[in-house]
Amino acid sequence: EEASAREEATLREAGVSIVTGRTVAKISAEEKTTSSVTLDDGRKVPCDLVIVAIGVRPRSEIVSDIGIKINRGIVVDCRMATSSADVYACGDVAEAYDFIHGENRLNPLWPNAYLGGRVAGFNMAGVRTEYQGGLAMSSLKYFGLDVVSVGIVIPPDDSYEVISNIYDDNYRKIILKDGLVVGMVFMGNIEKSGIVYSLIKDRVNVNSFKQALVACDFGLLSLPEERWRPHLEIPTSGVILEVVSVKQAEEIVAGE
Ligand SMILES: Cc1cc2nc3c(=O)[nH]c(=O)nc-3n(C[C@H](O)[C@H](O)[C@H](O)COP(=O)(O)OP(=O)(O)OC[C@H]3O[C@@H](n4cnc5c(N)ncnc54)[C@H](O)[C@@H]3O)c2cc1C
């Protein structure tokens, strides 16, 4: 995969050794300090520190004996309500709606936790509010290489369309389903990735301008006018009622 290969090359260039397809069989310590890990192929790798980063598993078992519905996390509806009356869940422990996949999933990220918590809070206070759904996303910078990935980055079948572009040291990939952007990867120059994120979030059909999304000069003005005008807050000509005269700035003489 293009993005992974670029990331790997950057890490190797910085002196990082990468081992894939193996797991740790043993961690050894000498005088209470980690000294090495042994891989399942017998290789021994000396080290000072072991960091385990193997994903997030919610501790949903804390509600298992009170009959609340659990799948990979605590299952909630669009109000963040669990299967038990007046009990709500949100954040990493909740399996809430993912609008890209169209089903409940674990998306253990801070923005999803914040939005879900807000919805749960409103509903607990009696104000009916619905969670619009979360999605997977990450933004990283390793050794000077910026990477943003959102939603589905590996199309699961042929019904998805992939558009990509490589220019200079930059890589862009957009994944579409029925005219909607369902995923993206931006590498290198990630400056305009927020615009694509807003198209994903707002479920905008991009069929008429999809190629522009990966172009090297992509920006807000690549979108149809009705999309960028509200962002720039430029009133349409019909609503300009008064032209305010602009006072010429006074010249300031240095030293006064
Ligand atoms: C190393 C790391 C890096 C991350 N980086 C990012 C990032 O860059 N961007 C991003 O969006 N997200 C990131 N996340 C994820 C983000 O931190 C979580 O999505 C977010 O904190 C979830 O909030 P939460 O309130 O659901 O859970 P938490 O923040 O985990 O809070 C749960 C709290 O419940 C307490 N608790 C647990 N069990 C019990 C119990 N039985 N009784 C009482 N209290 C209990 C815990 O001590 C904890 O304080 C990162 C997570 C980790 C671990």
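The values are calculated or read from the model by the stated rules, or taken from the named source; none is laboratory data. Given the structure is predicted, the values throughout are model-derived calculations rather than measurements. Cβ placement follows ideal geometry from the backbone for every residue including glycine, while neighbour counts extend to all protein chains displayed. Accessible surface areas use protein heavy atoms only, side chains included; no ligands, DNA or RNA. Shrake-Rupley method; radii C 1.70, N 1.55, O 1.52, S 1.80 Å.
With N denoting the number of residues in region 2-46, provide Rg(C-alpha) divided by 2.2 N^0.38 Å, to two decimal places. Can you show the working numbers first?
On the way: Rg = 13.5 Å, N = 45, 2.2 N^0.38 = 9.3 Å.
Rg over 2.2 N^0.38 Å, computed on Cα atoms: 1.45.
Lys210: which lysines have alpha carbons under 28 Å from its alpha carbon, excluding same-chain residues fewer than 8 sequence positions away?
Lys141, Lys173, Lys177, Lys192, Lys201
How large are Rg and Dmax for the chain when only the alpha carbon atoms are used, in Å?
24.6, 79
Treat every Asp and Glu Cβ in region 35-170 as -1 and every Lys and Arg Cβ as +1, leave all other atoms uncharged, and give the resulting dipole magnitude about the Cα centre to the nearest 20 debye.
So the magnitude is around 520 debye.
Using a 1.4 angstrom probe, figure out how much accessible area region 2-46 has per residue, in square angstrom, rounded to the nearest whole.
75
With springs connecting C-alpha atoms under 10 Å apart, model the chain as a Gaussian network and identify which of Arg22, Arg229, Arg12 has the largest mean-square fluctuation.
Judging by the Gaussian network model, the answer is Arg22.
I'd like the carbon and sulfur percentage of the solvent accessible area for region 82-170, probe radius 1.4 Å, heavy atoms only, ligands and nucleic acids excluded.
52
Give me the accessible area of Phe143, 1.4 Å probe, in Å² rounded to the nearest 10.
Result for Phe143: roughly 130 Å² accessible.
Which percent, to the nearest 5, of DSSP beta bridges fully inside region 1-112 are antiparallel?
Taking every DSSP beta bridge within region 1-112, about 90 percent pair in antiparallel fashion.
Between Asp65, Asp217, Asp169, find the one with the highest GNM mean-square fluctuation for the chain; connect C-alpha pairs within less than 10 Å.
Looking only at Asp65, Asp217, Asp169, the biggest GNM fluctuation is shown by Asp65.
Over region 93-192, average the accessible area per residue using a 1.4 Å probe and give it in Å², no decimals.
Per-residue value: 51 Å².
With +1 assigned to the C-beta of every Lys and Arg and -1 to the C-beta of every Asp and Glu, and no other charges, what is the dipole magnitude of the chain about the Cα centre in debye, to the nearest 20?
Taking the Cα centre of the chain as origin, the dipole is about 720 debye.
What are the lysines whose alpha-carbon lies under 27 Å from the alpha-carbon of Lys26, with same-chain residues fewer than 8 places away excluded?
Within the straight-line cut-off, Lys26 pairs with Lys44.
Mind ranking Met184, Met137 by accessible surface for me, highest first, 1.4 Å probe? Could the numbers behind the result be given before it?
Numbers: Met184 0, Met137 50 Å².
Listed by decreasing accessible area, they come as Met137, Met184.
Sum -39500 (n - 2.57) across every DSSP H segment of at least 4 residues in the chain, then divide by the residue count to get the 222 nm mean residue ellipticity, nearest 500.
Here the helix-only value at 222 nm equals -5000 deg cm²/dmol.
So how much accessible area does Thr33 have, in Å² to the nearest 10, using a 1.4 Å probe?
Taking all protein chains as shown, Thr33 has close to 70 Å².
Could you go through region 53-61 in sequence order and give the Karplus-derived ³J(HN,Hα) for each residue, using 6.51 cos²θ - 1.76 cosθ + 1.60 with θ = phi - 60°, rounded to whole Hz, and x for Gly and Pro?
Coupling constants for region 53-61: 10, 10, x, 10, 10, x, 8, 6, 5 Hz.
Could you give me the ³J(HN,Hα) list for region 32-38, computed from phi with Karplus coefficients 6.51, -1.76, 1.60 and θ = phi - 60°, whole Hz, x at Gly and Pro?
Calculated HN-Hα couplings, in order: 6, 10, 4, 10, 6, 10, 10 Hz.
Which of Ala3, Ala14, Leu135 sits closest to the plus end of the dipole of the chain, meaning its Cα is farthest towards the positive end, when Lys and Arg get +1 and Asp and Glu get -1 on the C-beta?
Going by the charge dipole, the pick is Leu135.
Would you pull out the residues with amide H under 5 Å of Asn107's amide H, same chain only if 5 or more places away, H placed 1.01 Å from N?
Ala96
Only Lys, Arg, Asp and Glu count, each charged at its Cβ (+1, +1, -1, -1), so figure out the dipole size of region 2-46 about its Cα centre, rounded to 20 debye.
So the dipole magnitude of region 2-46 works out to roughly 160 debye.
Within a Cβ distance under 13 Å of Val162, other residues only, what is the Lys/Arg minus Asp/Glu net charge?
Details: positive: Arg172, Lys173, Lys177, Lys210; negative: Glu1, Glu2, Asp157, Asp158, Glu161.
Residues near Val162 contribute -1 overall.
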